[in-house]
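Below is one structure, written out as structure tokens; comments come after it.
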Amino acid sequence: MPTVVGVKLRFAPKTLMFETGGHVPKEGDSVIVETERGIEIGLVNQAPQDVAASNLPGSTKPIMRIADAEDLAYSAELTV
């Protein structure tokens, strides 16, 4: 069973599910993920949970990494 988290992206109307990919994000953490739009930063808004693969929508991508200070500064720079 994969472990997934819900991630809210800036331009996505709903929460998207991503596999933790060996990372241990907590609710409220910013994470770097790859989407159809490219690499984006998002906010974990659903804590990690084990979910049966059959209950996931299509294939889920893993989180690339938990955002660090440099990622957050770059994101803030882009939103100004």
Residue count for segment 1-29, restricted to those that are open to solvent by 30 Å² or more (accessible area, probe 1.4 Å) and hydroxyl-bearing (Ser, Thr, Tyr): 2
Odd one out for Pro57, checked against (1) free of Cβ contacts under 8 Å to residues at least 40 places away in the same chain; (2) surrounded by fewer than 11 Cβ atoms within 10 Å (Cβ to Cβ): (1)
Tally, over segment 1-43, of residues that are in a loop (DSSP other than H, G, I, E, B) and β-branched (Val, Ile, Thr): 3
Residues of segment 48-73 classified as at pLDDT 90 or above and out of contact with any strand residue (DSSP E or B) (no Cβ under 7 Å at 6 or more places or on another chain), total: 4
Which listed residue is modelled with pLDDT of 90 or more and of a type in the set (Val, Ile, Thr), from Val4, Val80: Val4
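The values are calculated or read from the model by the stated rules, or taken from the named source; none is laboratory data. What you see is a predicted model, and the numbers here were worked out from it, not measured in a lab. Cβ atoms come from the backbone with ideal geometry, glycine included; neighbour counts cover every protein chain shown. What goes into the accessible areas is simple: the full protein's heavy atoms, side chains included, and nothing from ligands, DNA or RNA. Shrake-Rupley method; radii C 1.70, N 1.55, O 1.52, S 1.80 Å.
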